[in-house]
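One structure is given below, encoded as structure tokens.
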Amino acid sequence: MKFRSASAAALIAAVVASGGTLTATSASAVSLGGSSSHSSSHHKKSSPKKHSSKKKASKKKFSKKKSSAAAKRAAIVKTARKNLHVKYRYGGTTRKGWDCSGFTRYVYGKNGIKLPHSSSGQKSKGHRVSAKNAKAGDLIWSPGHVAIKSNKKGKMFDAGGHRTNTTERSYAWMVAQGARFIRLT
């Protein structure tokens, strides 16, 4: 391998020493028997910036992933709110009427998350989070009932029964029964 200049050799040595890999961009400063149209001084200045931009890019990917999960949760809450006051119907899964798990199945399904039509089956589709770390759009499960955490403190969306239909109400009674918060997104 021939180096065009001492600075190119130093650049390669620095990349290798830092545990990095030699990319096509940094390799263009090295002549492999062909010619390069870029000057080595140009690569000496830009290579550290390229390396730091890779770090920024990975942070951006993480924040985009994080923000897409937040956007998904917001969409779940919006869908749940749009479907308040739908009648309760045992075994129902449509806007004509649903039970608690039919409601959550419908809302998550509209947001690309398939769930079975049973509260215990839905609980098993995600991972448990503490009440302190629960976020709007998370599933709230207790034996025999399931709901969606609202973006309002202490509130949930659920199809509670014939008397209440689909409402936004307090989840304190579920917590008193040992409710679990489940993250699906």
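Some points to look at:
- Matching residues, the range 101-150, being under 15 Å from the mean Cα position of the chain (by Cα), among the charged types (D, E, K, R) and within 19 Å of Arg89 (Cα to Cα): none
- Matching residues in the range 130-185 - criterion: being in contact with a helix residue (DSSP H, G or I) (Cβ under 9 Å, 6 or more places away or on another chain), outside any strand (DSSP E or B) and on the phi > 0 side of the Ramachandran plot: Gly137, Gly144, Gly154
- Restricted to the range 123-162, and to residues there that are in contact (Cβ under 8 Å) with a residue 40 or more places away in the chain and over 23 Å from Ala74 (Cβ atoms), the residue that is surrounded by the fewest Cβ atoms within 10 Å (Cβ to Cβ) is His162.
- Annotation: of all residues in the range 67-122 being of a type in the set (Phe, Trp, Tyr) and open to solvent by 30 Å² or more (accessible area, probe 1.4 Å), the one that is nearest to His162 (Cα to Cα) is Tyr88.
- In the condition set (1) surrounded by 14 or more Cβ atoms within 10 Å (Cβ to Cβ); (2) within 21 Å of Thr93 (Cβ to Cβ), Tyr171 is compliant with all but (2).
- Scanning the range 157-183 for residues that are of a type in the set (A, V, I, L, M, F, W, C) and out of contact with any Asp or Glu (no Cβ under 7 Å at 6 or more places or on another chain) returns Ala172, Trp173, Met174, Val175, Ala176, Ala179.
The values are calculated or read from the model by the stated rules, or taken from the named source; none is laboratory data. Since the structure is predicted, the reported quantities are computational estimates derived from the model, not experimental observations. So basically every Cβ, Gly included, is an ideal-geometry build from the backbone, and we count neighbours across all protein chains shown. All accessible areas refer to the heavy atoms of the entire protein, side chains included, with ligands and DNA or RNA removed. Shrake-Rupley method; radii C 1.70, N 1.55, O 1.52, S 1.80 Å.
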